[in-house]
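Input: a single structure, listed below in C-alpha coordinates.
The values are calculated or read from the model by the stated rules, or taken from the named source; none is laboratory data. Fair warning: this is a prediction, and the values are worked out from it, not measured in the lab. As a convention, Cβ positions derive from the backbone with ideal geometry for all residues, glycine included, and neighbour counts pool all protein chains shown. When the accessible area is computed, the model is the full protein with side chains, heavy atoms only, and any ligands, DNA or RNA have been set aside. Shrake-Rupley method; radii C 1.70, N 1.55, O 1.52, S 1.80 Å.
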Amino acid sequence: MLLNALYETDKRRVTVEHPCQDVGELLRFDLDGPFDSPVRFSQSLAEYDATRQATEQRHGADAFDDLPDDSTYVRCLVASGVLELQNRDDVERFVRRHGYRDLEAGHPPLVAGLDANIMPWRMGDVLGIDHRDGPRDDAGRAPTNGYALATGVKEELDWHYKQYQTASLVAAFGEEFERLDNQPAGANREGFLGLYEYRRLMADRNVDRVDCETGDEAIVEGYRRFDAESRKDVMLFSNDFGFIDLAEEVGVLAHHVDFPRSLPRSATATWDELGDLLYYLAVRFGVLRLPGVTIYGVWNGKDGRHWQGEELVVEARSPKIEPLLERDKTIVEAFDAA
(Lines give C-alpha, C1' and ligand atoms only; values in the text may rest on other atoms or scores of the structure.)
Protein backbone atom coordinates (compact mmCIF):
# COMPACT_ATOMS: atom_id res chain seq x y z
CA MET A 1 0.00 0.00 0.00
CA LEU A 2 2.78 2.41 0.90
CA LEU A 3 4.77 1.82 -2.28
CA ASN A 4 1.59 2.21 -4.35
CA ALA A 5 0.84 5.51 -2.61
CA LEU A 6 4.34 6.82 -3.21
CA TYR A 7 4.13 5.78 -6.86
CA GLU A 8 0.73 7.44 -7.37
CA THR A 9 1.97 10.72 -5.90
CA ASP A 10 4.99 10.69 -8.24
CA LYS A 11 7.47 9.97 -5.47
CA ARG A 12 9.25 7.44 -7.67
CA ARG A 13 12.71 7.94 -6.12
CA VAL A 14 12.41 6.90 -2.49
CA THR A 15 15.07 7.84 0.06
CA VAL A 16 15.21 5.79 3.27
CA GLU A 17 16.62 7.87 6.12
CA HIS A 18 17.14 7.67 9.85
CA PRO A 19 15.44 10.62 11.60
CA CYS A 20 18.79 11.75 13.01
CA GLN A 21 20.67 13.83 10.45
CA ASP A 22 23.94 12.55 11.89
CA VAL A 23 22.99 9.06 10.68
CA GLY A 24 21.32 10.29 7.53
CA GLU A 25 20.34 8.47 4.37
CA LEU A 26 20.82 4.70 4.37
CA LEU A 27 19.74 3.90 0.82
CA ARG A 28 17.42 4.93 -1.96
CA PHE A 29 15.40 3.01 -4.51
CA ASP A 30 13.47 3.84 -7.66
CA LEU A 31 9.94 2.52 -8.06
CA ASP A 32 10.42 1.19 -11.57
CA GLY A 33 9.39 -2.30 -12.69
CA PRO A 34 7.78 -4.54 -10.05
CA PHE A 35 10.58 -7.11 -10.45
CA ASP A 36 13.70 -5.01 -11.07
CA SER A 37 13.62 -1.71 -9.20
CA PRO A 38 17.15 -0.32 -8.69
CA VAL A 39 18.50 0.10 -5.15
CA ARG A 40 21.49 2.34 -4.40
CA PHE A 41 23.36 2.30 -1.10
CA SER A 42 24.17 5.76 0.22
CA GLN A 43 26.90 4.59 2.62
CA SER A 44 29.40 1.77 2.43
CA LEU A 45 29.61 -0.52 5.44
CA ALA A 46 32.82 1.21 6.53
CA GLU A 47 31.14 4.61 6.23
CA TYR A 48 28.09 3.40 8.14
CA ASP A 49 30.31 1.97 10.89
CA ALA A 50 32.13 5.31 11.10
CA THR A 51 28.76 7.07 11.32
CA ARG A 52 27.74 4.81 14.19
CA GLN A 53 31.02 5.42 16.01
CA ALA A 54 30.62 9.17 15.57
CA THR A 55 27.09 8.90 16.97
CA GLU A 56 28.47 7.43 20.18
CA GLN A 57 30.97 10.26 20.53
CA ARG A 58 28.33 12.90 19.84
CA HIS A 59 25.27 11.46 21.59
CA GLY A 60 26.47 8.77 23.99
CA ALA A 61 26.17 5.03 24.53
CA ASP A 62 22.35 4.82 24.41
CA ALA A 63 22.24 6.19 20.88
CA PHE A 64 25.14 3.98 19.79
CA ASP A 65 23.51 0.86 21.22
CA ASP A 66 20.17 1.61 19.58
CA LEU A 67 21.69 1.67 16.09
CA PRO A 68 22.31 -1.75 14.50
CA ASP A 69 25.92 -2.60 13.74
CA ASP A 70 27.02 -3.01 10.13
CA SER A 71 26.59 -6.81 10.29
CA THR A 72 22.95 -6.50 11.34
CA TYR A 73 22.33 -3.89 8.64
CA VAL A 74 23.58 -6.40 6.04
CA ARG A 75 21.37 -9.14 7.49
CA CYS A 76 18.31 -6.94 6.96
CA LEU A 77 19.29 -6.65 3.30
CA VAL A 78 19.78 -10.42 2.98
CA ALA A 79 16.58 -11.33 4.84
CA SER A 80 14.54 -9.19 2.45
CA GLY A 81 16.15 -10.72 -0.64
CA VAL A 82 17.82 -7.48 -1.78
CA LEU A 83 21.27 -9.05 -1.30
CA GLU A 84 22.39 -12.69 -1.55
CA LEU A 85 24.42 -14.66 0.96
CA GLN A 86 28.17 -14.43 0.46
CA ASN A 87 28.38 -18.23 0.10
CA ARG A 88 25.10 -18.82 -1.71
CA ASP A 89 26.60 -21.32 -4.18
CA ASP A 90 28.24 -23.37 -1.41
CA VAL A 91 24.98 -23.55 0.51
CA GLU A 92 23.08 -24.68 -2.58
CA ARG A 93 25.63 -27.43 -3.28
CA PHE A 94 25.41 -28.59 0.34
CA VAL A 95 21.61 -28.74 0.24
CA ARG A 96 21.57 -30.52 -3.14
CA ARG A 97 24.04 -33.09 -1.84
CA HIS A 98 22.18 -33.92 1.36
CA GLY A 99 18.62 -32.79 0.72
CA TYR A 100 15.78 -33.69 -1.63
CA ARG A 101 15.29 -37.07 0.04
CA ASP A 102 13.36 -39.79 -1.79
CA LEU A 103 11.20 -41.02 1.06
CA GLU A 104 9.47 -43.60 -1.12
CA ALA A 105 12.85 -45.22 -1.74
CA GLY A 106 13.43 -45.53 2.00
CA HIS A 107 15.66 -42.52 2.53
CA PRO A 108 15.36 -41.05 6.05
CA PRO A 109 13.65 -37.66 6.27
CA LEU A 110 15.88 -34.61 6.61
CA VAL A 111 15.04 -31.74 8.97
CA ALA A 112 16.78 -28.38 9.28
CA GLY A 113 17.99 -26.75 12.49
CA LEU A 114 18.79 -23.05 12.82
CA ASP A 115 21.14 -21.40 15.32
CA ALA A 116 19.96 -18.35 17.27
CA ASN A 117 22.30 -16.00 15.38
CA ILE A 118 20.42 -16.52 12.10
CA MET A 119 16.88 -17.22 13.36
CA PRO A 120 15.63 -13.61 12.96
CA TRP A 121 16.33 -13.46 9.24
CA ARG A 122 13.84 -15.82 7.51
CA MET A 123 16.51 -18.42 6.85
CA GLY A 124 14.08 -20.97 5.43
CA ASP A 125 13.57 -18.66 2.47
CA VAL A 126 17.11 -17.26 2.34
CA LEU A 127 18.76 -20.70 2.37
CA GLY A 128 16.12 -22.26 0.10
CA ILE A 129 15.48 -25.09 2.58
CA ASP A 130 11.81 -24.63 3.43
CA HIS A 131 9.80 -27.82 2.88
CA ARG A 132 6.70 -25.88 1.88
CA ASP A 133 8.01 -22.93 -0.15
CA GLY A 134 11.53 -24.07 -1.09
CA PRO A 135 12.59 -25.07 -4.61
CA ARG A 136 11.63 -28.53 -5.86
CA ASP A 137 13.89 -30.88 -7.80
CA ASP A 138 12.94 -32.51 -11.11
CA ALA A 139 11.06 -35.25 -9.25
CA GLY A 140 9.06 -32.71 -7.24
CA ARG A 141 10.88 -33.39 -3.97
CA ALA A 142 11.35 -30.65 -1.34
CA PRO A 143 14.86 -29.74 -0.09
CA THR A 144 13.97 -30.79 3.48
CA ASN A 145 11.06 -32.47 5.21
CA GLY A 146 10.64 -29.94 8.02
CA TYR A 147 12.51 -28.31 10.88
CA ALA A 148 14.02 -29.44 14.17
CA LEU A 149 13.95 -26.46 16.52
CA ALA A 150 15.96 -26.43 19.74
CA THR A 151 14.41 -25.13 22.94
CA GLY A 152 17.84 -23.73 23.87
CA VAL A 153 17.73 -21.51 20.79
CA LYS A 154 14.31 -20.18 21.80
CA GLU A 155 15.59 -19.35 25.28
CA GLU A 156 18.54 -17.46 23.79
CA LEU A 157 16.10 -15.36 21.76
CA ASP A 158 13.64 -14.71 24.57
CA TRP A 159 14.88 -11.25 25.58
CA HIS A 160 12.65 -8.96 27.58
CA TYR A 161 14.70 -5.82 28.15
CA LYS A 162 12.58 -2.72 27.55
CA GLN A 163 13.66 0.76 26.49
CA TYR A 164 13.78 3.08 29.49
CA GLN A 165 16.30 5.52 28.02
CA THR A 166 13.77 7.26 25.78
CA ALA A 167 14.77 10.77 26.85
CA SER A 168 18.37 10.29 25.74
CA LEU A 169 17.23 8.86 22.38
CA VAL A 170 14.87 11.78 21.83
CA ALA A 171 17.74 14.17 22.53
CA ALA A 172 20.00 12.28 20.13
CA PHE A 173 17.63 11.24 17.34
CA GLY A 174 14.54 13.45 17.46
CA GLU A 175 10.97 13.60 18.72
CA GLU A 176 9.92 10.48 16.80
CA PHE A 177 11.70 8.39 19.42
CA GLU A 178 9.29 9.53 22.14
CA ARG A 179 7.09 6.66 20.96
CA LEU A 180 9.68 3.95 21.65
CA ASP A 181 9.36 3.84 25.44
CA ASN A 182 8.58 0.45 27.02
CA GLN A 183 9.64 -1.34 23.85
CA PRO A 184 12.64 -3.62 23.12
CA ALA A 185 15.80 -1.56 22.88
CA GLY A 186 18.51 -1.85 20.24
CA ALA A 187 19.66 -5.41 19.63
CA ASN A 188 16.77 -6.72 21.73
CA ARG A 189 14.50 -5.99 18.78
CA GLU A 190 16.58 -8.50 16.82
CA GLY A 191 15.82 -11.04 19.53
CA PHE A 192 12.11 -10.38 19.13
CA LEU A 193 12.39 -10.93 15.37
CA GLY A 194 14.02 -14.30 16.05
CA LEU A 195 11.54 -15.29 18.74
CA TYR A 196 8.53 -14.64 16.53
CA GLU A 197 10.17 -16.39 13.58
CA TYR A 198 10.67 -19.40 15.86
CA ARG A 199 7.00 -19.26 16.84
CA ARG A 200 5.91 -18.86 13.23
CA LEU A 201 7.78 -21.98 12.20
CA MET A 202 6.34 -23.91 15.16
CA ALA A 203 2.83 -22.91 14.13
CA ASP A 204 3.03 -23.14 10.33
CA ARG A 205 5.59 -25.82 9.47
CA ASN A 206 6.40 -29.46 10.20
CA VAL A 207 8.55 -29.15 13.32
CA ASP A 208 10.27 -31.54 15.71
CA ARG A 209 11.15 -30.07 19.08
CA VAL A 210 14.67 -30.68 20.37
CA ASP A 211 14.88 -30.27 24.14
CA CYS A 212 18.18 -28.82 25.36
CA GLU A 213 19.77 -26.09 27.45
CA THR A 214 21.26 -22.86 26.09
CA GLY A 215 24.83 -22.57 24.79
CA ASP A 216 26.48 -24.05 21.71
CA GLU A 217 27.61 -27.27 23.35
CA ALA A 218 24.20 -28.04 24.86
CA ILE A 219 22.34 -27.19 21.66
CA VAL A 220 24.64 -29.28 19.47
CA GLU A 221 24.40 -32.18 21.95
CA GLY A 222 20.61 -31.95 21.78
CA TYR A 223 20.75 -32.20 18.01
CA ARG A 224 23.21 -35.09 18.21
CA ARG A 225 20.82 -37.05 20.44
CA PHE A 226 17.90 -36.27 18.16
CA ASP A 227 19.89 -37.32 15.09
CA ALA A 228 20.88 -40.60 16.75
CA GLU A 229 17.56 -41.48 18.36
CA SER A 230 15.00 -40.39 15.79
CA ARG A 231 14.49 -41.78 12.32
CA LYS A 232 15.40 -38.42 10.84
CA ASP A 233 18.66 -36.78 9.82
CA VAL A 234 19.46 -33.24 10.96
CA MET A 235 21.11 -30.50 8.90
CA LEU A 236 22.26 -27.46 10.91
CA PHE A 237 23.01 -23.90 9.85
CA SER A 238 24.79 -21.16 11.80
CA ASN A 239 26.84 -18.00 11.32
CA ASP A 240 29.18 -19.23 14.08
CA PHE A 241 32.14 -21.33 12.91
CA GLY A 242 32.53 -22.71 16.43
CA PHE A 243 28.97 -24.04 16.37
CA ILE A 244 29.57 -25.68 12.98
CA ASP A 245 32.82 -27.26 14.20
CA LEU A 246 31.09 -28.72 17.26
CA ALA A 247 28.35 -30.22 15.09
CA GLU A 248 30.79 -31.76 12.61
CA GLU A 249 32.89 -33.22 15.45
CA VAL A 250 29.89 -35.26 16.66
CA GLY A 251 28.83 -36.30 13.17
CA VAL A 252 25.89 -33.93 12.56
CA LEU A 253 25.54 -32.32 9.13
CA ALA A 254 26.22 -28.59 9.39
CA HIS A 255 27.07 -25.64 7.17
CA HIS A 256 28.23 -22.10 7.83
CA VAL A 257 26.06 -19.17 6.69
CA ASP A 258 28.24 -16.34 5.43
CA PHE A 259 26.80 -12.83 5.04
CA PRO A 260 28.29 -10.19 2.73
CA ARG A 261 31.19 -8.22 4.15
CA SER A 262 30.68 -5.22 1.89
CA LEU A 263 27.91 -3.53 -0.05
CA PRO A 264 27.73 -3.27 -3.82
CA ARG A 265 27.19 0.15 -5.29
CA SER A 266 23.71 -0.92 -6.35
CA ALA A 267 21.30 -3.84 -6.58
CA THR A 268 17.85 -4.59 -7.97
CA ALA A 269 14.79 -5.72 -6.05
CA THR A 270 11.15 -6.57 -6.49
CA TRP A 271 8.51 -4.44 -4.81
CA ASP A 272 7.81 -7.33 -2.43
CA GLU A 273 11.49 -7.38 -1.45
CA LEU A 274 11.45 -3.61 -0.94
CA GLY A 275 8.45 -4.00 1.35
CA ASP A 276 10.24 -6.69 3.35
CA LEU A 277 13.35 -4.52 3.53
CA LEU A 278 11.40 -1.60 4.96
CA TYR A 279 9.92 -3.92 7.58
CA TYR A 280 13.29 -5.24 8.77
CA LEU A 281 14.97 -1.82 8.70
CA ALA A 282 12.06 -0.16 10.52
CA VAL A 283 12.10 -2.75 13.30
CA ARG A 284 15.84 -2.70 13.72
CA PHE A 285 16.34 1.08 13.45
CA GLY A 286 13.10 1.79 15.29
CA VAL A 287 12.01 4.66 13.03
CA LEU A 288 12.52 5.47 9.33
CA ARG A 289 11.70 8.56 7.31
CA LEU A 290 10.63 8.24 3.67
CA PRO A 291 9.27 10.97 1.39
CA GLY A 292 6.00 12.09 2.95
CA VAL A 293 5.77 9.33 5.58
CA THR A 294 7.37 8.15 8.82
CA ILE A 295 7.52 4.42 9.56
CA TYR A 296 7.65 3.09 13.11
CA GLY A 297 8.96 -0.43 13.57
CA VAL A 298 8.25 -0.26 17.30
CA TRP A 299 5.99 2.10 19.18
CA ASN A 300 4.46 2.51 22.60
CA GLY A 301 1.68 -0.06 22.69
CA LYS A 302 3.14 -2.59 20.28
CA ASP A 303 2.37 -6.05 21.66
CA GLY A 304 2.67 -9.69 20.66
CA ARG A 305 -0.18 -9.48 18.17
CA HIS A 306 1.62 -6.74 16.26
CA TRP A 307 4.89 -8.70 16.30
CA GLN A 308 3.14 -11.85 15.12
CA GLY A 309 1.36 -9.95 12.34
CA GLU A 310 4.59 -8.17 11.32
CA GLU A 311 2.82 -4.83 11.65
CA LEU A 312 4.24 -1.34 11.34
CA VAL A 313 2.83 2.11 12.01
CA VAL A 314 2.93 4.39 8.97
CA GLU A 315 2.27 8.06 9.67
CA ALA A 316 1.64 10.22 6.63
CA ARG A 317 3.33 13.62 6.70
CA SER A 318 1.99 14.41 3.22
CA PRO A 319 -1.72 15.26 2.81
CA LYS A 320 -1.60 13.63 -0.65
CA ILE A 321 -0.43 10.26 0.66
CA GLU A 322 -2.78 9.85 3.62
CA PRO A 323 -6.06 9.42 1.64
CA LEU A 324 -4.39 6.90 -0.68
CA LEU A 325 -3.24 4.82 2.30
CA GLU A 326 -6.72 4.97 3.85
CA ARG A 327 -8.32 3.96 0.55
CA ASP A 328 -6.06 0.96 0.03
CA LYS A 329 -6.33 -0.07 3.68
CA THR A 330 -10.13 -0.24 3.31
CA ILE A 331 -9.77 -2.37 0.19
CA VAL A 332 -7.32 -4.77 1.84
CA GLU A 333 -9.44 -5.11 4.99
CA ALA A 334 -12.53 -5.86 2.89
CA PHE A 335 -10.59 -8.48 0.93
CA ASP A 336 -9.27 -10.11 4.12
CA ALA A 337 -12.78 -10.21 5.61
CA ALA A 338 -14.33 -11.80 2.50
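Hey, does segment 212-220 have a residue that's out of contact with any strand residue (DSSP E or B) (no Cβ under 8 Å at 6 or more places or on another chain), open to solvent by 50 Å² or more (accessible area, probe 1.4 Å), at pLDDT 95 or above and part of a loop (DSSP other than H, G, I, E, B)?
Among the residues of segment 212-220, at least one is out of contact with any strand residue (DSSP E or B) (no Cβ under 8 Å at 6 or more places or on another chain), open to solvent by 50 Å² or more (accessible area, probe 1.4 Å), at pLDDT 95 or above and part of a loop (DSSP other than H, G, I, E, B), which makes the answer yes.
Anything in segment 1-59 that is small (Gly, Ala, Ser) and crowded, with 18+ Cβ neighbours inside 10 Å? List them, or say none.
ALA5, SER37
Do we find that GLU56 is without any contact (Cβ under 8 Å) to a residue 12 or more places away in the chain and touching a helix residue (DSSP H, G or I) at 6+ places or on another chain (Cβ under 7 Å) in this structure?
yes
Looking at segment 314-323, which of the residues that are open to solvent by 30 Å² or more (accessible area, probe 1.4 Å) and not in a loop (DSSP other than H, G, I, E, B) is nearest to LEU195 (Cα to Cα)?
That would be VAL314.
Going residue by residue through segment 61-70, is there one that turns out to be in contact (Cβ under 8 Å) with a residue 60 or more places away in the chain, out of contact with any Pro (no Cβ under 7 Å at 6 or more places or on another chain) and farther than 20 Å from ALA185 by Cα?
No: segment 61-70 contains no residue that is in contact (Cβ under 8 Å) with a residue 60 or more places away in the chain, out of contact with any Pro (no Cβ under 7 Å at 6 or more places or on another chain) and farther than 20 Å from ALA185 by Cα.
LEU83 versus (1) open to solvent by 40 Å² or more (accessible area, probe 1.4 Å); (2) within 21 Å of LEU263 (Cβ to Cβ); (3) touching a residue at least 12 places away in the same chain (Cβ under 8 Å): which is the lone unmet condition?
Condition (1) is where LEU83 drops out.
For ARG132, work out the one condition from (1) out of contact with any Leu (no Cβ under 6 Å at 6 or more places or on another chain); (2) open to solvent by less than 60 Å² (accessible area, probe 1.4 Å); (3) of a type outside the set (S, T, N, Q); (4) in a loop (DSSP other than H, G, I, E, B) it doesn't fulfil.
Result: ARG132 passes all but (2).
Kindly indicate whether LEU149 is within 19 Å of the chain's Cα centre (by Cα) and among the aliphatic types (A, V, I, L, M).
The answer is yes for LEU149.
Can you tell me how many residues within segment 96-112 are farther than 17 Å from MET123 by Cα, in a helix (DSSP H, G or I) and open to solvent by 70 Å² or more (accessible area, probe 1.4 Å)?
Final tally of qualifying residues: 3.
Working only within segment 138-159, note down all residues that are touching a Pro at 6+ places or on another chain (Cβ under 8 Å), open to solvent by 10 Å² or more (accessible area, probe 1.4 Å) and either under 18 Å from ASP89 (Cα atoms) or not hydrophobic (A, V, I, L, M, F, W, C) (or both).
Of everything in segment 138-159, just one residue is touching a Pro at 6+ places or on another chain (Cβ under 8 Å), open to solvent by 10 Å² or more (accessible area, probe 1.4 Å) and either under 18 Å from ASP89 (Cα atoms) or not hydrophobic (A, V, I, L, M, F, W, C) (or both), namely ASN145.
Out of the residues in segment 178-211 that are at pLDDT 95 or above and more than 22 Å from the chain's Cα centre (by Cα), state the one that is surrounded by the fewest Cβ atoms within 10 Å (Cβ to Cβ).
Selected residue: ASP211.
Quick check: anything in segment 80-95 outside any loop (DSSP other than H, G, I, E, B), under 30 Å from ASP211 (Cα atoms) and over 23 Å from the mean Cα position of the chain (by Cα)?
Yes, segment 80-95 contains a residue that is outside any loop (DSSP other than H, G, I, E, B), under 30 Å from ASP211 (Cα atoms) and over 23 Å from the mean Cα position of the chain (by Cα).
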